[in-house]
Amino acid sequence: MKQILFVLLVTTHSLVLSQTKIEFERRIPLDSFPEQARKILSVLPPDLKKTRYFEESSGKQKSYEVKFRYNSKHYSIEFSEKGELQDVEINVKKNSINPSLKKTMEEPFETNYTKFRWLKVQEQYNYNGQNTEKRFIQEVLQGQSCCLPFYEIVAEVRKNRSYFLKEYNFNAQGEKLDDRVIDPESYAHVLY
């Protein structure tokens, strides 16, 4: 009986951890970025502020990210391990989202939790290959992207007297794509 209980406990713990987002970032110099990513970044305007470069690991995946401020907005551009452009994200305020879209995105929170607070909201422009990488980045920075943004929301939620962090992903129509628990150790870098 004790062996069965032990196996059940280990299995349950493993399932919970497998659904938890665990990311680690470490700051690196630009010359540690893949060469292909550095070529793409040459399109960035010279007047960026607070430009920082990161190597990010999430499980077995590794990626590279540059974060900066431009025209009073916080941006991040993510590349694969090989230096291929993945997406451009912009931190936005909750109130800047279309009210009907925001209401649709709030439904899963209102349905599943007794209390919630959005900590970070990002518009996410996924690179689709229709334009060159450089052109795609320029269009997003100029607010002229032809593709609609997806949304990533990090929220503190409460359920049954327990508080925890969740990350939700929504499509351009506000429909929930997925959600997962965020490991508190990842908390600091996830908020920017």
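Candidates are the residues of segment 78-122 that are surrounded by fewer than 19 Cβ atoms within 10 Å (Cβ to Cβ) and touching a Ser or Thr at 6+ places or on another chain (Cβ under 7 Å); the one that is nearest to Phe136 (Cα to Cα) is Gln86. Criterion first (at positive phi, among the small types (Gly, Ala, Ser) and out of contact with any strand residue (DSSP E or B) (no Cβ under 8 Å at 6 or more places or on another chain)) does Gly143 satisfy it? Taking the combined requirement at face value, the residue satisfies it.
When every residue of segment 135-151 is checked against the conditions, none turns out to be β-branched (Val, Ile, Thr), farther than 22 Å from Tyr113 by Cα, open to solvent by 60 Å² or more (accessible area, probe 1.4 Å) and at pLDDT 90 or above.
Taking the conditions exactly as written (open to solvent by 70 Å² or more (accessible area, probe 1.4 Å), free of Cβ contacts under 8 Å to residues at least 24 places away in the same chain and touching a Phe, Trp or Tyr at 6+ places or on another chain (Cβ under 9 Å)), does Lys49 satisfy them or not? Give the derivation first.
Numbers: open to solvent by 70 Å² or more (accessible area, probe 1.4 Å): yes; free of Cβ contacts under 8 Å to residues at least 24 places away in the same chain: yes; touching a Phe, Trp or Tyr at 6+ places or on another chain (Cβ under 9 Å): yes.
Considered against the rule, which asks whether it is open to solvent by 70 Å² or more (accessible area, probe 1.4 Å), free of Cβ contacts under 8 Å to residues at least 24 places away in the same chain and touching a Phe, Trp or Tyr at 6+ places or on another chain (Cβ under 9 Å), Lys49 comes out as yes.
The values are calculated or read from the model by the stated rules, or taken from the named source; none is laboratory data. Bear in mind that the values here come from a model prediction, so they are computed numbers and not experimental data. Cβ sites come from the backbone with ideal geometry, for glycine too, and all protein chains shown count toward neighbours. SASA here: full protein model, heavy atoms, side chains in, ligands and nucleic acids out. Shrake-Rupley method; radii C 1.70, N 1.55, O 1.52, S 1.80 Å.
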